[in-house]
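The values are calculated or read from the model by the stated rules, or taken from the named source; none is laboratory data. Values in this document were obtained by computation on a predicted structure and should not be read as measured data. Quick reminder, even Gly has a Cβ in these numbers, built from the backbone with ideal geometry, and neighbours come from all protein chains shown. Protein only, heavy atoms only, side chains kept; ligands, DNA and RNA dropped before computing areas. Shrake-Rupley method; radii C 1.70, N 1.55, O 1.52, S 1.80 Å.
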Amino acid sequence: MAHPPCLLFDCDGTLVDSEPLLATEMAIALSGVGLPFLASDYMGEFRGSRFRQIVAELQRRHGEVDPDHLEVMETQMRRKLMQRLETELIPLPGAPEALTALVGYPMAVVSNGPEAKIRASLSSSGLAEYFGDRLFSGYTAKCWKPDPCLFLHAASLMGYAPEDCVAIDDSIVGVRAALAAGMTVIHLNRFPDAEQTPSGAIMVSSMYQLPTVITHLTAARRMAAFG
């Protein structure tokens, strides 16, 4: 009988509703160093992207900023964000229920964010117990979505081949990374009117739908194994 797949969850916007907080703090910090940026820019164009990629693109559009100023700005922004995550963060609707329903599956978190931020997000939202130390950060692996290497790194350390993993991600950046890694991909598309799910991914619009989709995928794997 085929083993159940390994579930690899993104964090921000998939498990926890951190993106509004992140977008607001980014807008304050970037605008403060002369890089015009609105919270809606993150939610629209840059969602899921690595912060330094966003900074590089804004500098390309608006001009270079002194690297020392950028470093101070990023440090202050991350400190303020951590404070808000510890006090204001809540899980995404349906995430606790989905994780409870899927507790028998091997699960991990795969995020572009720093490990300290992942831990703070899961702890303050009450989801840490589902994952333990099975957290994979782009900053630890030294590779970030949309490169598939972060998902491949996580799968390897979890002891699974890419084709035996299901990635759950809300951002196009993450979905494309997992597809490139050769995984089954579920796109949590919370903005279906504005965002198109990439070809090859399975779309859900709510975390409440996830257990049913995973159950069907697992059943299909078992039938294929018997076949």
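Only residues that are in a helix (DSSP H, G or I), open to solvent by less than 40 Å² (accessible area, probe 1.4 Å), within 17 Å of PHE151 (Cα to Cα) and of a type in the set (A, V, I, L, M): list them for the range 168-218, please.
So the first thing to find is which residues in the range 168-218 are in a helix (DSSP H, G or I), and the list is 172-180, 207-218.
Remaining after also requiring open to solvent by less than 40 Å² (accessible area, probe 1.4 Å): 172-175, 177-178, 207, 210-211, 213-214, 218.
Within this subset, residues satisfying the condition of being within 17 Å of PHE151 (Cα to Cα) are 172-175, 177-178.
ILE172, VAL173, VAL175, ALA177, ALA178, listed by residue number.
Can you tell me which residue is nearest to LEU15 (Cα to Cα) among those in the range 92-121 that are of a type in the set (S, T, N, Q) and crowded, with 17+ Cβ neighbours inside 10 Å? Give the derivation first.
We begin by selecting, within the range 92-121, every residue of a type in the set (S, T, N, Q); these are 100, 111-112, 121.
Imposing the further condition that a residue be crowded, with 17+ Cβ neighbours inside 10 Å reduces the set to 111-112, 121.
On the way: SER111: 11, ASN112: 14, SER121: 9 Å.
Looking at residues that are of a type in the set (S, T, N, Q) and crowded, with 17+ Cβ neighbours inside 10 Å, I get SER121.
Can you tell me which residues in the range 122-148 are open to solvent by less than 40 Å² (accessible area, probe 1.4 Å), in contact (Cβ under 8 Å) with a residue 12 or more places away in the chain, under 29 Å from GLN196 (Cβ atoms) and of a type outside the set (A, V, I, L, M)? SER125, PHE136, SER137, GLY138, LYS145, PRO148 - these are the residues of the range 122-148 that are open to solvent by less than 40 Å² (accessible area, probe 1.4 Å), in contact (Cβ under 8 Å) with a residue 12 or more places away in the chain, under 29 Å from GLN196 (Cβ atoms) and of a type outside the set (A, V, I, L, M). When you look at ARG52, is it modelled with pLDDT under 95, open to solvent by 90 Å² or more (accessible area, probe 1.4 Å), in a helix (DSSP H, G or I) and under 23 Å from TYR139 (Cα atoms), yes or no? For ARG52, the condition - modelled with pLDDT under 95, open to solvent by 90 Å² or more (accessible area, probe 1.4 Å), in a helix (DSSP H, G or I) and under 23 Å from TYR139 (Cα atoms) - is met.
Filtering the range 160-181 down to residues that are of a type in the set (Gly, Ala, Ser) and touching a Gly at 6+ places or on another chain (Cβ under 8 Å), which residue is nearest to PRO192 (Cα to Cα)? Can you show your working first?
Of the range 160-181, the ones of a type in the set (Gly, Ala, Ser) are 161, 167, 171, 174, 177-178, 180-181.
So of that shortlist, the ones also touching a Gly at 6+ places or on another chain (Cβ under 8 Å) come out as 167, 171, 174.
On the way: ALA167: 19, SER171: 12, GLY174: 16 Å.
Out of the qualifying residues, it is SER171.
On the given criteria, is ALA39 out of contact with any His (no Cβ under 7 Å at 6 or more places or on another chain), modelled with pLDDT under 95 and surrounded by 17 or more Cβ atoms within 10 Å (Cβ to Cβ)? Outline the logic, then answer.
Working: out of contact with any His (no Cβ under 7 Å at 6 or more places or on another chain): yes; modelled with pLDDT under 95: yes; surrounded by 17 or more Cβ atoms within 10 Å (Cβ to Cβ): yes.
Taking the combined requirement at face value, the residue satisfies it.
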